[in-house]
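The values are calculated or read from the model by the stated rules, or taken from the named source; none is laboratory data. Everything numeric in this text was worked out from a predicted model, so none of it was measured. Neighbour counts run over all protein chains shown; Cβ positions are idealised from the backbone, glycine included.
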Amino acid sequence: MKRSLPTPVEEMNHGTALLWKRRAMAGLTAARCGLPKESVAENGASPRGKVLTIDTMNPTVKMVEYAVRGPIVQRAVELEKELSEGRKKPFQEVIKANIGDAHAMGQQPITFFRQVLALCSYPELLNDNTFPEDAKSRARRILQSCGGNSMGSYSASQGIDSVRQDVARYVQQRDGGVYCDPDNIYLTTGASDGIVTMLKLLVCGEGLARTGVMISIPQYPLYSAALAELGAVQINYYLNEEACWSMDISELQRALNEARGHCNPRALCVINPGNPTGQVQNRKCIEDVIRFAAKERLFLMADEVYQDNVYADGCQFHSFKKVLFEMGPEYSNTVELASFHSTSKCYMGECGFRGGYMEIINMDDDVKAQLTKLVSVRLCPPVPGQALMDLVVNPPQPGEASYDKFIKERTATLSALADKAKLTEEVLNTVPGISCNPVQGAMYSFPRISIPEKAVNEAAGKGQQPDMFYCMRLLEETGICLVPGSGFGQKDGTYHFRMTILPPTDKLKILLSKVKEFHQRFTKQYS
Amino acid sequence: MQEMSAHVRTNQMAALTERAVRIKRMLEQGVKKPYKDVIDVSWGDPHMAGMKPLTFVRQVLAACCYPQLLDGDNLPADVKRRAQKLLRCCDGGSVGSYTNTAGIPAIVESIAQFISQRDGVPADPENIWIHPGSQMALMNILTLLVNSEASPKSGVLMPVPGYNTTALSVKTMGGVVAPYFLDEEHGWALRADELRRALTSARGACWPVALYVINPGNPTGHIQSRKSMEEVIRFVAENKLFLLADEVYQSSVYDANTEFVSYKKVLCELGPPLAHTLELASFHSASKGFLGECGLRGGYVELVNMDPAVMPYVQRLFHLASSPPVAGQIALEVMAKPPQPGDPSYPLYKHETEHIRSTLVDNVKRVLQVFTRLPAVSCQPLLGGGFAFPRLHLTPKAVHKAKEAGMQPDMFYCARLLEDTGVFVRPGCEYGQKEGTYHIRFCIMTPADVMEELLRRLSTFHLQFMKDFS
């Protein structure tokens, strides 16, 4: 039986190499392949007779075209190593402002959460009187809901029942009383797990009927990578940089109309507050997006992991679910929506626990059955992450022993972030050639940078995107690791970088002044 | 018996689970039943069944979550040392940070050393990927192998009876499961002639790309002989298949005359050219064995002899899950590097692991004793693994009654067992079995008293059931 060759697939990314912002494994050397003795042929050719080669591999994996060994992140790791070995550099330390990892940058965890997690891990500590009573009672409640009273038991694949109920209560309260059905809550391994699962569910069809998914440009590259791996069609809609990165319905319409020619658009992904943009959508905008999704029959995916990270005056987080229901039954009974949240961001910053949930609204019953099957295949989300999510949605209340400390820590973290957001915007806007939209929320700044023509040409000569060229130079000269805008997508001919606002304030100030100096130096050198 | 649609079967599987949940709730609410609790042995989950976690693991985990504990006097020195070592490896000194996609390098290194010590062959940390559970790591490797757009579809040879989650994974990614039958009469052995038959048969329906083996077996409890493993290796080499070796039960060996040896070790000892060319992925996890930490989601895959050009794509796939949960990584660290003689925690660790070991060895003895005495049920030797998978010799009357109820006979048996005794086991039809044979699967990783009670209720029920349908 003849085996058909996989059809070549068009470059789906926005004409640019995507940079994967997660840390690449340092020093991966491709030549080492298992057992001690080398078997690569002398001329470097791939050993013959392999079952799994580039040619026999699932072709959709090949399409995941992001620079996995993120040259910039890998180089940053190398530089760290060199510094630790005593090599002289024009900087004392590498500052990694590339990844949204708050604890890595020194943010402190919430004491109460860690106390409860310790108690759940080692219940003997329930006898230790250095732990407050409210932490102990939370721990007992969580343990009771675990099989065998242990976090080591599998939970149901949709997540621990009582945690899902607590999440539902939280959502209901957050959204001003709009009912939340615990049955619609799925606990996930970080929000990424939920997002990828939903995309798996949505993507189907062949050729012109292949599922298309609308994603913002710029976007968080998990979306483009997942779409590439699933062989879905990526439909880009541009955010409006001039209007503080807001969503523009006419632009959504344009993108959709064009896409209808070559795929079957089924979903619209929105990140609010935005990554990398930091934009917080206003209520009217959310309503407009919902109307658009309703009109065009699109499944709405609302990534809301930064929902507590709102800093700018006049900005407020509005959940898509709340707005949907406040628009009345014409919309709330029909628009299909999945909202995502996580323990990795906000004031918790607990990326390593992989806690998250998604809420599914108006999903067809048969599809829900499929979803249940899909999540069962990965067994269950990590129980410590589920426990942590439970605490996030059910934090200390006024009157409880840990309340004051909890509020103090949460407020300190969020206000520090707000200050740093402001500082970043202000400093960057003093640099000629850098223009930075207000960081209304989330954890990043995505300023536009001007790159002189000479530099653009030199970058081209090296086969690099201009902003990658810029960021690599910045890294080598200052030790500061940022991510070039080409990794997130941007309008042709524009350049950006994304930096986090997470380093401690004093370090952030140094970082910003170094970036300023570098930019001026770089501009002068290439003028 | 008529072939039942997959849809109906799935519904019945879910129905059995839901019934168990319902009965548990009813008992909690004080509803009177002929039994005081549900004995849930439907999962390979030791903690759910009542086994305790290892103290050292949990102390280290607690100290990593809440480092203030390191200042107190309640934790042994080696716990503190280990927690400090791990916290130093975490960015910002916090287990809340992301880690490298493949796991914290020091932990990956510990795993490499564990593998090297186990096999007497060096393991390269660069070929080891920690992931949230071995099943998810397996899914990533399958994603590389299974081409859902191809015609014919990619096929994976999988054992019958076999763990149904893995088969479901293959199907959800558009692959075909090509079954090979294990030989029940010979202790559920894997026979080379059966592999050949299965492959020939598969070639008509799909393009076979991989062979999946699970050793020690789930649900069978079989441990392969070295000879059998060598046959498998030669078979995959001859037929250009990728070998997927699920070895998560490697610490669970109960028979005194049996030894677990890893596929990697057997491969290595076969020497070149096989040892240098045969592609192998071995999976292990902190979910089974002495740790039993299913909920922490700590697993890993070791890739052997992969084409170097493919490795960047492996990395990309693992990236989509960002980084593995740190709690699971901590469990793997302790699994790979447990307390050693001389360490303050060693005596307790030794005591706990020996207790677990002897409990399970005794459970296996009791299970085999009971099934030897009971009529109409037989059980192959339980060499290792996490389950018993006895065969039910049901009467035609029972089979007929099941058919009338629209159920597979062993599902019918399990539903009645649950209802009448509160014992929750799973039917063999969920794992696959030869036509006309019926089995049940239950977890044997339970405390001794739970096993005793389970066997008591099961025996009573079985005798009554056989009488009712004689």
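Among residues of segment B:267-304 being at the interface with chain A (Cβ under 7 Å from one of its Cβ atoms) and under 12 Å from B:Ile128 (Cα atoms), the one that is surrounded by the most Cβ atoms within 10 Å (Cβ to Cβ) is B:Val304.
Scoring B:Gly155 on the criteria (1) crowded, with 19+ Cβ neighbours inside 10 Å; (2) in contact with a Pro (Cβ under 7 Å, 6 or more places away or on another chain); (3) at the interface with another protein chain (Cβ under 8 Å from one of its Cβ atoms) leaves a single failure, condition (3).
Here A:Ala209, A:Ala225 are screened, and the one residue that is under 15 Å from the mean Cα position of the chain (by Cα) and of a type in the set (A, V, I, L, M) is A:Ala225. Given the criterion away from every other protein chain (no Cβ under 14 Å) and under 23 Å from A:Asn362 (Cβ atoms), identify the matching residue among A:Arg291, A:Arg254. The unique qualifying residue is A:Arg291. Screening the candidates B:Pro53, B:Pro67, B:Pro34 for the property of being surrounded by 13 or more Cβ atoms within 10 Å (Cβ to Cβ) and in contact (Cβ under 8 Å) with a residue 40 or more places away in the chain yields one hit, B:Pro53.
For residues in segment A:129-138 being crowded, with 16+ Cβ neighbours inside 10 Å and within 11 Å of chain B (Cβ to nearest Cβ), which is nearest to A:Ser344 (Cα to Cα)? Looking at residues that are crowded, with 16+ Cβ neighbours inside 10 Å and within 11 Å of chain B (Cβ to nearest Cβ), I get A:Ala135. Yes or no: segment A:339-349 includes at least one residue that is modelled with pLDDT under 95 and either surrounded by fewer than 16 Cβ atoms within 10 Å (Cβ to Cβ) or touching an Asp or Glu at 6+ places or on another chain (Cβ under 9 Å) (or both). No: zero hits. The set of residues in segment B:69-90 that are within 8 Å of chain A (Cβ to nearest Cβ) and either out of contact with any Asp or Glu (no Cβ under 9 Å at 6 or more places or on another chain) or at pLDDT 95 or above (or both) comprises B:Leu69, B:Cys90.
Take the conditions (1) touching a residue at least 40 places away in the same chain (Cβ under 8 Å); (2) not in a loop (DSSP other than H, G, I, E, B); B:Ala150 misses just one of them, which is (2). A:Gln397 passes all but one of (1) assigned to a helix (DSSP H, G or I); (2) among the polar types (S, T, N, Q); (3) surrounded by fewer than 16 Cβ atoms within 10 Å (Cβ to Cβ); which number fails? The number of the failed condition is (1). Of these, A:Val393, A:Val439, which one is at pLDDT 95 or above and over 18 Å from A:Ala102 (Cα atoms)? Matching residue, one of A:Val393, A:Val439: A:Val393.
Can you name every residue in segment A:364-394 that is assigned to a loop (DSSP other than H, G, I, E, B) and touching a residue at least 60 places away in the same chain (Cβ under 8 Å)?
A:Arg378, A:Leu379, A:Cys380, A:Pro381, A:Pro382, A:Asn394
On the given criteria, is A:Leu474 over 18 Å from the mean Cα position of the chain (by Cα) and either surrounded by fewer than 23 Cβ atoms within 10 Å (Cβ to Cβ) or not acidic (Asp, Glu) (or both)? Spelling it out, A:Leu474 is indeed over 18 Å from the mean Cα position of the chain (by Cα) and either surrounded by fewer than 23 Cβ atoms within 10 Å (Cβ to Cβ) or not acidic (Asp, Glu) (or both).
Flag not set for A:Cys315, criterion: under 30 Å from A:Asp134 (Cβ atoms), in a loop (DSSP other than H, G, I, E, B) and among the hydrophobic types (A, V, I, L, M, F, W, C). Taking segment B:200-222 as the range and being closer than 30 Å to B:Asp255 by Cβ and within 14 Å of chain A (Cβ to nearest Cβ) as the test, the residues that pass are B:Ala210, B:Leu211, B:Tyr212, B:Asn218.
Looking for whichever is closer than 30 Å to B:Met51 by Cα, polar (S, T, N, Q) and within 25 Å of the chain's Cα centre (by Cα) here; the options are B:Thr460, B:Thr421, B:Thr446. Which one fits?
None of the other options fit; the residue is B:Thr446.
Determine if segment B:168-187 includes at least one residue that is out of contact with any helix residue (DSSP H, G or I) (no Cβ under 7 Å at 6 or more places or on another chain), within 14 Å of another protein chain (Cβ to nearest Cβ), among the hydrophobic types (A, V, I, L, M, F, W, C) and part of a strand (DSSP E or B). No: zero hits. Among residues of segment B:235-248 being of a type in the set (D, E, K, R) and within 16 Å of B:Val304 (Cα to Cα), the one that is surrounded by the most Cβ atoms within 10 Å (Cβ to Cβ) is B:Asp246. Here B:Thr143 passes the criteria (1) within 21 Å of B:Val236 (Cα to Cα); (2) away from every other protein chain (no Cβ under 11 Å); (3) among the hydroxyl-bearing types (Ser, Thr, Tyr) except the one numbered (2). Taken over segment A:222-243, the criterion of being crowded, with 17+ Cβ neighbours inside 10 Å and more than 14 Å from chain B (Cβ to nearest Cβ) is satisfied by A:Val233, A:Gln234, A:Ile235, A:Asn236, A:Tyr237, A:Tyr238, A:Leu239, A:Glu241. For segment B:9-46, the candidate set comprises residues that are part of a loop (DSSP other than H, G, I, E, B), in contact with a strand residue (DSSP E or B) (Cβ under 7 Å, 6 or more places away or on another chain) and more than 10 Å from every other protein chain (Cβ to nearest Cβ); within that set, the residue that is nearest to A:Lys373 (Cα to Cα) is B:Ser42. Filtered by the rule that a residue be within 19 Å of B:Ala336 (Cα to Cα) and more than 7 Å from every other protein chain (Cβ to nearest Cβ), segment B:91-105 gives B:Gly103, B:Ile104, B:Pro105.
The single condition among (1) touching a residue at least 24 places away in the same chain (Cβ under 8 Å); (2) farther than 20 Å from B:Thr200 by Cα that B:Lys227 does not meet is (1).
Do you know which residues across segment A:313-355 are at positive phi and either in contact with a Ser or Thr (Cβ under 6 Å, 6 or more places away or on another chain) or of a type in the set (A, V, I, L, M, F, W, C) (or both)?
A:Cys346, A:Arg354
Applying a threshold of 7 Å to beta carbon distances and a minimum spacing of six or more residues, or different chains, the list of pairs starting in segment A:98-118 at a residue that is more than 7 Å from chain B (Cβ to nearest Cβ) and ending at one that is outside any helix (DSSP H, G or I) and among the basic types (Lys, Arg) reads A:Asn98/A:Lys21; A:Gly100/A:Lys345.
In segment B:223-294, counting only helices (runs of 4 or more DSSP H) that sit wholly within it, the ones holding 1 or more residues that are more than 24 Å from B:Ala167 (Cα to Cα) and within 22 Å of the chain's Cα centre (by Cα) span B:226-238, B:263-270. Of the helices (runs of 4 or more DSSP H) lying entirely inside segment A:120-220, those containing at least 3 residues that are touching a Leu at 6+ places or on another chain (Cβ under 7 Å) span A:133-144, A:190-202.
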